[in-house]
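Since every read-out is calculated from the coordinates, none of them should be taken as a lab result. Computed from a predicted structure; not experimentally measured. Here Cβ is always computed from backbone atoms with ideal geometry, including for glycine, and neighbour counts include all displayed protein chains.
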């Protein structure tokens, strides 16, 4: 059985910026434990001599020509924003009081 | 719905395209027939999250006008198509099945949409899916599940259950799907339809809301192999907006179907996917199909993929790791939902409250799992090891393709399970993907097509073929040949056995009541 704790899940939720409820943390702790037990077997065959594959089809990095293309207008870019001032996205304070 | 409409919706896309080309049927008639069908049956099926009747009829009328003016149009011009809601459309809301994007109308079209519109297809609506394509049953959609047209109590597969159910219930002849671990092929399997995951990079993903970028692929959904091939030909090709897009020149997939012939084709049966854990009726139909192929001159050989037992484990590390990164963009700033916590807070507090309210349970589960797999101290053991397993799976495939031109397996271990049956056990749900995820890990193409109904439950069974990367045409060859052989033996299509969802329709039409 894996060693996943509620404290760990709460920490991960903070890293992932999801304000989980205590009930969610509790259920996720046991679900993650069971999932991790199942997936941990990858280390059985992942020996040092096996190279990692990050991408299924080998490709070179791709650059486009440095020429202006079609881009969104500010109006289009802001159209789906929860809040904006007509030319910029509007958000609440970036820093809290203790910062 | 009139008698004429009832027949129109049952045509394949290829057959409908011929009638459109000859002028026997107009695109407005064809589009209206499918919209009427949606109105009649989608209350029960719930394949669609959004339809755009007026806009699609206007698009259809424009195609009819161009055709009437003598313009040379693409063969599929005027044919209606359903779009999985993971694909952004600049004229319809795009939610990816999530509350966090409810009502969002993207400011641009995905490249596949640009291509569909250029070819004159008629997008009629957006189809339901598991939230951010995370699931095998559509039960993780924030908008409620889709129901399998063969048995409304059962799952239509996932994540693209909406697209598969739309074609299976004759609401559209064609649909687009996306396949990260089987989300096109497994829904095809459980709904008696056809679905293809192209070679990674064969179809642009620009404008597909990313789940796992090294695995995702857009592909066709239909009722016949030829229809998928024709749609594949429309959407394939290099796209400078997708840096993983391949620059290959692709052969015509439709030609591969029309010339289908399995004589001398070596077909490798994946030993690890031909027995334990598979439903009896699934294996029965699978082996019958192999006999049919052998009788037609194919050579059936056994192949082994020894690393397969590690593939699901690797997949359920790589996919959530990439998903946790991709879903970071839903931050309450640029698009989608914003939830302000009681008493206000910093932008990070708003972000956390938004993501708590906007993401469903499965999305949260995978984001947390992915964050865990990528965190310091665990990265090498989990994500790093999973990437090594990926190499092993690729080596297994390379060795298998030395012995066979295509590989074959049942598409999934069981027929459609009941809605709710697996929702309490995420791992049981994940194990459904055993046959489909290896192709995504290796980037190779796969097709699922129907091979009959399981004896014990009367539900559809699909067969999956896999080909080496860039050899998608081989799938259309073997799929087209098997479909023709089976339909010849049966004397009908499999989908014609699906229950009539609106039995009043025909009777009313015959009485002249509508």
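Averaged over A:85-96, how many beta carbons belonging to a partner chain fall within 10 Å of each residue's beta carbon? Spell out each step's value before the answer.
On the way: counts 0, 0, 0, 0, 4, 1, 9, 12, 7, 3, 3, 5.
Mean partner-chain Cβ count within 10 Å for A:85-96: 4.
With runs of 4+ DSSP H residues as the only contributors, calculate the mean residue ellipticity of the protein assembly as shown at 222 nm using -39,500 (n - 2.57) per run, divided by the residue total and rounded to the nearest 500.
After summing the helix terms and dividing by residue count, I get -12000 deg cm²/dmol.
Just tell me how shielded B:58-71 is by partners: mean number of partner chain Cβ atoms within 10 Å of each residue's Cβ, no decimals.
0
Using only C-alpha positions, report the orientation-averaged shadow area of the convex hull of region B:215-288, nm², one decimal.
Average projection, Cα convex hull of region B:215-288: 7.7 nm².
Quick check on chain A: take the gyration tensor over C-alpha atoms, sort the square-rooted eigenvalues as a ≥ b ≥ c, and tell me if it's rounded (a/c under 1.5), prolate or oblate.
Working: a/c = 3.18, a/b = 1.26, b/c = 2.52.
Here chain A falls in the oblate category.
Where both residues lie in chain B, what percent of DSSP beta bridges are antiparallel, nearest 5?
65 percent
Can you tell me the Rg and the Dmax, both Å, for the Cα atoms in chain B?
Here Rg and the maximum Cα pair distance are 21.8, 73 Å.
What does the structure give for A:44-51 when I average, per residue, the other chain Cβ atoms found within 10 Å of the residue Cβ? Mind dumping the intermediate values first?
Numbers: counts 5, 10, 14, 3, 1, 1, 8, 4.
Rounded to a whole number, the mean comes out at 6.
Neighbouring Cβ atoms within 10 Å as the yardstick, rank B:401, B:286 fewest first.
Listed from fewest to most nearby Cβ atoms, that is B:401, B:286.
Which residues does a label at residue B:399 reach in region B:290-330, if reach means a backbone N under 16 Å from a point 7 Å past the Cα toward the Cβ?
B:302-311
Sticking with the crude label model, points 7 Å out along Cα→Cβ, report the distance from residue B:381 to residue A:70 in nm, one decimal please.
Placing both labels 7 Å along Cα→Cβ, they lie 5.0 nm apart.
Under 16 Å from a label point 7 Å along Cα→Cβ of residue B:489: give me every residue in region B:298-333 with its amide N that close.
Inside the label zone: B:298-300.
To the nearest Å, what is the center-to-center distance of region B:477-499 and region B:397-431, using C-alpha atoms only?
Each part reduced to its Cα centre gives a spacing of 22 Å.
Using 1/(1 + (r/R0)^6) with R0 = 35 angstrom and r between the beta carbons of residue B:274 and residue A:21, what's the FRET efficiency to the nearest 0.05?
E between residue B:274 and residue A:21, to the nearest 0.05, is 0.20.
Sort out for me the Cα centre separation of region B:1-61 from region B:354-385, rounded to whole Å.
42 Å
Tell me the relative contact order for region B:1-148 as a rounded percent, counting alpha carbon contacts under 8 Å between residues six or more apart.
25 percent
Kindly identify region B:354-495 as rounded, prolate or oblate by the Cα gyration tensor criterion: order the square roots of the eigenvalues as a ≥ b ≥ c, call it rounded if a/c is under 1.5, otherwise compare a/b with b/c, prolate if a/b is larger, else oblate.
The shape class here is oblate.
Along the Cα-to-C-beta direction of residue B:428, a point sits 7 Å from the Cα; which residues of region A:28-53 have their amide N less than 17 Å from that point?
Residues passing the 17 Å test: A:31-32, A:34-35, A:38.
Could I have the simple spin-label model distance between residue B:418 and residue B:68, label points 7 Å from Cα toward Cβ, reported in nm to one decimal?
Label-label distance for residue B:418 and residue B:68, simple model: 5.4 nm.
Relative contact order for chain B: what percent, with Cα pairs under 8 Å and sequence separation of 6 or more?
18 percent
Mind checking the full-extension length gain between residue B:261 and residue B:118? Use 0.36 nm per residue of separation minus the Cα-Cα distance, one decimal, nm.
Numbers: separation 143, 0.36 × 143 = 51.48 nm, distance 3.20 nm.
So the chain would gain 48.3 nm between residue B:261 and residue B:118.
For region B:164-258, what Kirkwood radius comes out of the mean inverse Cα-Cα distance, in Å?
Computed over Cα pairs of region B:164-258, the Kirkwood hydrodynamic radius comes out at 13.4 Å.
Let a ≥ b ≥ c be the square roots of the eigenvalues of the Cα gyration tensor of the protein assembly as shown; is it rounded (a/c under 1.5), or, if not, prolate (a/b larger than b/c) or oblate?
oblate
Relative contact order of region A:1-56, please, whole-number percent, based on alpha carbon pairs below 8 angstrom and at least 6 residues apart.
Reported as a whole number, the value is 43 percent.
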